[in-house]
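These notes concern the structure reproduced below.
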Amino acid sequence: TCENGVLKAVGAGTAVISCTKAGATTATCTVTVKEDQPATDVSKFKYETTTAGTIRITGLTDTNLTNISVPEYIGGKKVTEIGKWAFGNSPELVKLTIPSTVTIIDEWAVAQCYKLEEVVVPGSVKKIGEESFSNCRALTKLTIQEGVEEIGSSAFRACMALAEVTLPQSLVLIGENA
C-alpha cells in the first residue's frame with residue numbers, strides 16, 4: 001500500500017516501483033518482501049542512551065516476536081548493550097541475531113525464552129552477564145566467537161537441551177555454574 005508517499009508491505013511478495021516524469025519512466029526499482037524477516041524495525045525495541053552516548057536495548061514493544069535481529073545503530077548511535085531482561089520472558093522467540101556492535105549482554109538479558117533454539121555470540125561481546133540465557137530450555141546450539149572474555153555465573157543454567165557448545169580461546173573467566 002502507499003500512503004502519503006510511503007510504501008508499506010502488507011505481506012510477502014514482489015513489487016516493481018516506477019518513477020515517471022513527463023510521461024517517460026526515469027527509474028525502476030524491484031522490492032521483494034520475504035516472510036519471517038527478523039524484527040529490525042527500531043519501533044520494535046525499547047532503548048536508552050548510555051553515558052558513553054551509545055544505545056542499550058532495554059526491551060521489546062512486542063514480546064511475542066519469533067525472530068529478532070538487533071540493529072547495529074539506532075538514531076545514528078551504535079547499539080552496544082543488551083540490557084537486563086531486554087528480551088527475557090519472550091515466549092515465542094526462536095531466533096536471535098546479535099550484531100558485532102554489541103559488547104555487553106547483561107544479566108537476565110535473554111533469560112526464560114523457552115523456544116530459543118540457537119545463539120551465536122559475536123566476538124565483539126566482551127561479557128555475557130550472569131543468568132543471561134538461563135532457562136532457555138530449547139537452546140540446542142551455542143557458539144561463542146573468539147573475542148568473548150567473560151561468561152557470568154549461571155549464564156546458561158537450565159538450558160537442558162544444549163547439546164553443542166563452541167567456546168573461544170579468548171575466555172579468561174567462566175563463572176560458577178555457567
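Selection of region 60-100 for residues being crowded, with 16+ Cβ neighbours inside 10 Å, more than 17 Å from Asp41 (Cβ to Cβ) and in contact with a Phe, Trp or Tyr (Cβ under 8 Å, 6 or more places away or on another chain) yields Lys84, Trp85, Gly88. Looking only at region 84-136, residues that are assigned to a strand (DSSP E or B) and either touching a helix residue (DSSP H, G or I) at 6+ places or on another chain (Cβ under 7 Å) or farther than 15 Å from Ser69 by Cα (or both) come to 3 in all.
The residues listed here are Leu162, Leu116, Leu142; of these, the one that is open to solvent by 20 Å² or more (accessible area, probe 1.4 Å) and of a type in the set (A, V, I, L, M, F, W, C) is Leu162. Sub-6 Å Cβ pairs linking a first residue in region 66-83 that is closer than 17 Å to Thr103 by Cα to a second residue that is among the basic types (Lys, Arg), at least 6 apart or interchain, are Glu81/Arg56; Gly83/Arg56, ordered by first then second residue.
Looking across region 40-75, just one residue is of a type in the set (Asp, Glu), modelled with pLDDT of 95 or more and over 11 Å from the mean Cα position of the chain (by Cα), and that is Glu48. Among the residues of region 59-91, those identified as more than 22 Å from Glu117 (Cα to Cα) and of a type in the set (Ser, Thr, Tyr) are Tyr73, Thr80.
The values are calculated or read from the model by the stated rules, or taken from the named source; none is laboratory data. All figures in this text were calculated on a predicted structure; none of them were measured in a lab. A quick note on method: Cβ atoms are made from the backbone with ideal geometry, for glycine too, and the neighbour counts reach across all protein chains shown. Heads up: the accessible areas ignore ligands, DNA and RNA and are worked out on the full protein's heavy atoms, side chains in. Shrake-Rupley method; radii C 1.70, N 1.55, O 1.52, S 1.80 Å.
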